[in-house]
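The values are calculated or read from the model by the stated rules, or taken from the named source; none is laboratory data. Just so it is clear, the model here is predicted, and its values are computed rather than measured. Positions of Cβ are generated from backbone atoms using ideal geometry, with glycine treated the same way; all protein chains shown enter the neighbour counts.
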Number of protein chains: 2
Amino acid sequence: MTQVRDVAVAAKAAARVVAKVSAETRTRALHAIADAILAQEAQILAANEADLAAGAALAAAMRDRLKLDPKRVAGLAAAVREVAAAPDLIGRIEREETRPNGLAVARQRIPLGVVLMIYEARPNVTTDAAALCLKSGNACILRGGREAQESNRALLAAVQAGLRAVGLPAAAVQLVPTTDREAIAELVKLDELIDLCIPRGGEGLIRYVAEHARVPVIKHYKGVCHVYVHAAADLEMAARIVENAKVSRPGVCNAVETVLVDRAIAERFIPLLVAQLAGRVELRGDATVQALAPSARPATEDDWYAEYLDLVLAVRVVDDIAAAIAHIEQYGSSHTEAIITADPAAAERWVREVDSSTVMVNASTRFADGGELGLGAEIGISTTRLHAYGPMGAEGLTTLKFVVRGSGQVR
Amino acid sequence: MTQVRDVAVAAKAAARVVAKVSAETRTRALHAIADAILAQEAQILAANEADLAAGAALAAAMRDRLKLDPKRVAGLAAAVREVAAAPDLIGRIEREETRPNGLAVARQRIPLGVVLMIYEARPNVTTDAAALCLKSGNACILRGGREAQESNRALLAAVQAGLRAVGLPAAAVQLVPTTDREAIAELVKLDELIDLCIPRGGEGLIRYVAEHARVPVIKHYKGVCHVYVHAAADLEMAARIVENAKVSRPGVCNAVETVLVDRAIAERFIPLLVAQLAGRVELRGDATVQALAPSARPATEDDWYAEYLDLVLAVRVVDDIAAAIAHIEQYGSSHTEAIITADPAAAERWVREVDSSTVMVNASTRFADGGELGLGAEIGISTTRLHAYGPMGAEGLTTLKFVVRGSGQVR
C-alpha cells in the first residue's frame, strides 16, 4: 500500500511545479494533451475494446457510458481544448486594499494543490478532470472505476505524453495503480499531501469516501430536484418545464424527481401535466393527485426521498409556497429547485428561502450544469457548503492567499 | 450521547431561521447580546471566579487567558458591537451574467448553516464566535474547554438573552452540554447537520478533531512562520522586523520561529540581530550562525520543524532565495512567511513561489491576523486550502449559491 502514498508524494512535488509555471505553459500543455489524445486514438480504442470485452456482462447503459469511438475520442480532445481556451485564473489579484498603517493587502488566486478525483466508469472524466486541474494549476490523482481500467491507462498515457512535451512532470496527472477500495481509504487519509477529494458516482461510493476521509471532500450524495408549480404559474410553461426536466435525460442528477403542485391550481394543472407526459412517465402521487390522474400510483414516504434516475415522477399537492419550501427542507438534497410562477414576490421568496445550491425561477432544473451556467467545463456538483456549492469548474479548484506588502511595518 | 445529536438538530433548525431574517434583525441581535453581556457582568465575573478557583493548578499563562475582569467583559461587548458595525454580506449578489439563451445567472452570498467551534480556555472565543456566526447568518455550536466551563455558561446565558430579546431562537448559539472528548468525536461525524468545524487550540486537540471528522474541518495545526533576510535587505529593517515578529508576543501562531539569512549578508546581519535581540531570545543556529553568534546553541533537525511559542528562535544561513523557499516547502506550515528585501524582483518571486496562506514583503509576520488585514474580527486561521486560506472572518463563514431566472427555458 505504500505504492498509494508514493503516488501522493509525487503528486505534491508535481503540484508545486505546475502551480509556478506560466499560464502559457499550462495552455500549451493542454493543447499537447489534446494532440496526444488524437495521435494515440488507435491505442485508446484498442484499450477501450479490451474493457468492453471484459465487461460483457455490464448493463447496457453502463456499456454505453464506457464505450469510446473515433467521434467520442475527438470529443475528449475538443473538451481539453475548450478548457485551454477559457481565461486563466491563477495569479489574479481579486482584492486590494491599503491599511491605515500603509500595508498593501491583496488576495491572489492560487491552486489548491493536489486534487483527488474518485469516479466510476466514464473514461471522459479522466481527461476532463486532468484538463480542469491543470488549467487551475493543480496536480491530480485519478481513481477511475475498474470497468474502465484499460481505457483510463491509455488516456493517461496520452495526458502524460502531453505533459512531457512541454517539460511538465508526468506526475502532475497520475492514475492510482489499483482499483481496490482499500486504496481509496488510504488515499483519503493523506491530508498533508492531498488538498481536496471529489468523489463522483453512486451514493455508496460517495458514502464510503466520506466515511474514511480526513482530506476535505466535496460531494453530493444525490440530486432530488424539485419543481414547484405556484398558484400564479403559467401552467403550459410549467408542464413543458416539468416534461423537459424529467424526460430529456432522466438518468442524471439534475433531472426533476418530485413536482410540488399548489392546491390552488392542482385541478387545472395535473390533467395538463398528464397530457404533456403522454404516458411516458410513471406518476406516483398523494390522494389528490390520484383523484386527478387516475393512472398515478400511490406515493409512499419513500417516494419523497427518492432519486429515481428513471421515468418515474413523484407528485404532491401542497397548500402554498411555505408548504413547498417545508417539503424541500425535509426531503431535499440541496441540489436544484425551481419555482414556476408569474408572481415576482413568490419568485423572490423562493430565491431567498430555498437554500439549495441552485435555485431557479421559470426554468428547467436540467440547467444546473457547469457548462449551462457559464463555468466552462464542470468537475462536479457540490452540495457540501464550502467554497464550491453547486456546479463546480476551474475556479472551484482554486483559493486565495493573502499577499501583504510593507515598508518595514512592525506591530 | 443523543444529547449531542439533539444539540445539532436544534442548531440546524435555528440556522434556517437565522439565515432568513433580515440583516437589521441580526444587527439588533448583536447589540442585544452586547447589552446583555454588560447587564450580566456580575454573573459572568462570579462564574469566572469559580473557574479560576477550580483551576488553581493551571499554569499562569492559562489562568491569564481564562481570567475576566470588568474591563475584559466590556471588551467582549465592544467586540460584539464591532462585528455588528461591519457591512452585511448575506444576500449580496456577487456575479451576474445573462446566458445566450436568456437565463440570468447570479451568485448570491449565503450562510454555511451550522458552524461547530471547538476551542480551549479562552472565554472571549465564546462571544467572538457567536457574534461572527450570527453576523454571517449561521447558527453555531460551541465546545469550549473544561477550564472555562462556568464562564462559558454565563456568557452563553447573555448571548441567548440577546437572541430572545429580538425573537431569534436561543438554539442559534448553543454550548455543548459536556466537555468530554467523546462528545467531539460524535459531533464531528454529523455531516448532515453540521456544515463546518473550526477547531482552535493545541495541535493534539486539532489532530483529534481531524481524525474523527466527517464534517469539513478548517484548521491550522501550527504556525511555523519564517522571515527570510534577502541579500538586498535593509538590514536594520530586517533586525527590527525579526525582533517584533519574535518578541512582541512569542506565544501566538503568527510569531516568527525560524529566520533564514542569505549567505551574502550573514556576516553583517547576524551580529546586528544579536544586538537587536539584546539577550532576550535564545538562538539556535547552524554552524555558520554559531560562528557569528557565539551565544547560539546548535540547531537540530527538530528545530526547523519547531513552533516554540516562546523566546527561542532558530536561525539558518541559506545560499539564496531558492534555498529559502525550499526550506519553507520542507519545514513550513503554510501559515505566514516574510521576505525582507529592497529588490522588487526577489519580492515578486517570493510572492509567486511561496504558497503559504499569507506571504509578506518587508513587514512583520505578526500582521497575519484578521483584524490587521482588514477582515474585521477573526474566527480562525486556515492552512486548509479551501474557501478560507489564511485569516478567516465573517466571509469565511459564507458561500455562494446559484440563482437562475428564466422565462420558461428548457434544455
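Can we say B:ARG411 is surrounded by fewer than 22 Cβ atoms within 10 Å (Cβ to Cβ), out of contact with any Ser or Thr (no Cβ under 6 Å at 6 or more places or on another chain), within 7 Å of chain A (Cβ to nearest Cβ) and closer than 23 Å to A:SER357 by Cα?
Considered against the rule, which asks whether it is surrounded by fewer than 22 Cβ atoms within 10 Å (Cβ to Cβ), out of contact with any Ser or Thr (no Cβ under 6 Å at 6 or more places or on another chain), within 7 Å of chain A (Cβ to nearest Cβ) and closer than 23 Å to A:SER357 by Cα, B:ARG411 comes out as no.
What's the number of the only condition in (1) within 12 Å of another protein chain (Cβ to nearest Cβ); (2) out of contact with any Leu (no Cβ under 9 Å at 6 or more places or on another chain); (3) of a type in the set (Asp, Glu) that B:GLU203 fails to meet?
Against the list (1) within 12 Å of another protein chain (Cβ to nearest Cβ); (2) out of contact with any Leu (no Cβ under 9 Å at 6 or more places or on another chain); (3) of a type in the set (Asp, Glu), B:GLU203 comes up short only on (1).
When you go through B:ALA34, B:ALA13 one by one, which is the residue that is part of a helix (DSSP H, G or I) and buried (at least 19 other Cβ atoms within 10 Å of the Cβ)?
B:ALA34
Restricting the search to the stretch A:286-306, which residues are in contact (Cβ under 8 Å) with a residue 24 or more places away in the chain and in contact with a helix residue (DSSP H, G or I) (Cβ under 8 Å, 6 or more places away or on another chain)?
A:THR288, A:VAL289, A:LEU292, A:TRP304, A:TYR305 - these are the residues of the stretch A:286-306 that are in contact (Cβ under 8 Å) with a residue 24 or more places away in the chain and in contact with a helix residue (DSSP H, G or I) (Cβ under 8 Å, 6 or more places away or on another chain).
Report yes if some residue within the stretch A:78-93 is assigned by TED's automatic domain parsing to the domain that holds A:GLU147, surrounded by 12 or more Cβ atoms within 10 Å (Cβ to Cβ) and either polar (S, T, N, Q) or more than 30 Å from A:GLU395 (Cβ to Cβ) (or both); otherwise report no.
Looking through the stretch A:78-93, none of the residues is assigned by TED's automatic domain parsing to the domain that holds A:GLU147, surrounded by 12 or more Cβ atoms within 10 Å (Cβ to Cβ) and either polar (S, T, N, Q) or more than 30 Å from A:GLU395 (Cβ to Cβ) (or both).
For the stretch A:207-229, name all the residues that are among the charged types (D, E, K, R), closer than 30 Å to A:VAL261 by Cα and either facing chain B (nearest Cβ under 8 Å) or buried (at least 23 other Cβ atoms within 10 Å of the Cβ) (or both).
Once the filter is applied, which keeps residues that are among the charged types (D, E, K, R), closer than 30 Å to A:VAL261 by Cα and either facing chain B (nearest Cβ under 8 Å) or buried (at least 23 other Cβ atoms within 10 Å of the Cβ) (or both), the stretch A:207-229 yields only A:LYS219.
Name, by its number, the condition in (1) over 17 Å from A:LEU313 (Cβ atoms); (2) touching a residue at least 60 places away in the same chain (Cβ under 8 Å); (3) buried (at least 21 other Cβ atoms within 10 Å of the Cβ) that does not hold for A:ALA232.
Exception for A:ALA232: condition (3).
Can you tell me how many residues within the stretch B:359-411 are within 17 Å of the chain's Cα centre (by Cα), assigned to a strand (DSSP E or B) and without any contact (Cβ under 8 Å) to a residue 60 or more places away in the chain?
The total comes to 3.
Would you pick out the residues in the stretch B:39-49 that are of a type outside the set (D, E, K, R) and surrounded by fewer than 16 Cβ atoms within 10 Å (Cβ to Cβ)? Spell out the reasoning first.
Taking the stretch B:39-49 and keeping what is of a type outside the set (D, E, K, R), we get B:39-40, B:42-48.
Listed by number, the residues that qualify are B:ALA39, B:ALA42, B:GLN43, B:ALA46.
Tell me which residues, restricted to the stretch B:326-357, are closer than 18 Å to B:GLY223 by Cβ, out of contact with any His (no Cβ under 7 Å at 6 or more places or on another chain) and without any contact (Cβ under 8 Å) to a residue 40 or more places away in the chain.
Listed by number, the residues that qualify are B:GLU329, B:GLN330, B:VAL354, B:ASP355.
Go through the residues of the stretch A:255-272 one by one and say whether even a single one is at pLDDT 95 or above, within 21 Å of A:PRO391 (Cα to Cα) and within 14 Å of another protein chain (Cβ to nearest Cβ).
yes
Take the conditions touching a residue at least 40 places away in the same chain (Cβ under 8 Å), surrounded by 14 or more Cβ atoms within 10 Å (Cβ to Cβ), within 23 Å of A:SER356 (Cβ to Cβ) and of a type in the set (Asp, Glu) and apply them to A:ASP310. Does it pass?
Yes.
Are any of the residues in the stretch A:72-90 free of Cβ contacts under 8 Å to residues at least 24 places away in the same chain, closer than 26 Å to A:LEU400 by Cβ and not in a loop (DSSP other than H, G, I, E, B)?
For the stretch A:72-90, residues free of Cβ contacts under 8 Å to residues at least 24 places away in the same chain, closer than 26 Å to A:LEU400 by Cβ and not in a loop (DSSP other than H, G, I, E, B): present.
Taking the options B:GLY376, B:GLY371, name whichever one is closer than 22 Å to B:VAL256 by Cβ and surrounded by fewer than 22 Cβ atoms within 10 Å (Cβ to Cβ).
B:GLY371
Could you say which residue among A:GLU329, A:GLU337 is of a type in the set (D, E, K, R), within 12 Å of chain B (Cβ to nearest Cβ) and buried (at least 24 other Cβ atoms within 10 Å of the Cβ)? Let's see the steps before the verdict.
Details: A:GLU329 fails: buried (at least 24 other Cβ atoms within 10 Å of the Cβ).
None of the others qualify; the one that does is A:GLU337.
Just to verify a result, which residue in the stretch A:232-254, among those that are small (Gly, Ala, Ser) and in contact with a Lys or Arg (Cβ under 8 Å, 6 or more places away or on another chain), is nearest to the other protein chains (Cβ to nearest Cβ)?
Per the criteria, the residue is A:SER248.
Could you say which residue among A:GLU337, A:GLU348 is assigned to a strand (DSSP E or B) and charged (D, E, K, R)?
A:GLU337
Being more than 27 Å from the chain's Cα centre (by Cα), within 22 Å of A:ASP128 (Cα to Cα), touching a residue at least 24 places away in the same chain (Cβ under 8 Å) and in the same structural domain as A:GLU182 (by TED's automatic domain parsing) is the requirement here; does A:ALA36 meet it?
no
Looking at (1) under 30 Å from A:GLY371 (Cα atoms); (2) surrounded by 23 or more Cβ atoms within 10 Å (Cβ to Cβ), which is the only condition B:ALA394 fails?
It is condition (1) that B:ALA394 fails.
Having 3 or more residues that are under 23 Å from the mean Cα position of the chain (by Cα) is the bar; report the helices (runs of 4 or more DSSP H) wholly within the stretch A:196-314 that clear it.
Counting at least 3 such residues, we get A:203-212, A:235-247.
Test of understanding: among B:GLY162, B:GLY202, which residue is touching a residue at least 40 places away in the same chain (Cβ under 8 Å), in the same structural domain as B:PRO70 (by TED's automatic domain parsing) and surrounded by fewer than 17 Cβ atoms within 10 Å (Cβ to Cβ)? Full working, then the answer.
Numbers: B:GLY162 fails: surrounded by fewer than 17 Cβ atoms within 10 Å (Cβ to Cβ).
Among B:GLY162, B:GLY202, only B:GLY202 is touching a residue at least 40 places away in the same chain (Cβ under 8 Å), in the same structural domain as B:PRO70 (by TED's automatic domain parsing) and surrounded by fewer than 17 Cβ atoms within 10 Å (Cβ to Cβ).
Look at B:ALA342 and say whether it is outside any helix (DSSP H, G or I), crowded, with 22+ Cβ neighbours inside 10 Å and either more than 19 Å from the chain's Cα centre (by Cα) or of a type in the set (A, V, I, L, M) (or both).
No: the conditions fail for B:ALA342.
Take the conditions buried (at least 19 other Cβ atoms within 10 Å of the Cβ), within 10 Å of chain B (Cβ to nearest Cβ) and not small (Gly, Ala, Ser) and apply them to A:LEU68. Does it pass?
For A:LEU68, the condition - buried (at least 19 other Cβ atoms within 10 Å of the Cβ), within 10 Å of chain B (Cβ to nearest Cβ) and not small (Gly, Ala, Ser) - is not met.
I need the full set of residues from the stretch A:364-385 which are of a type in the set (Val, Ile, Thr) and more than 8 Å from every other protein chain (Cβ to nearest Cβ), in order please.
Matches in the stretch A:364-385: A:THR365, A:ILE379, A:ILE381, A:THR383.
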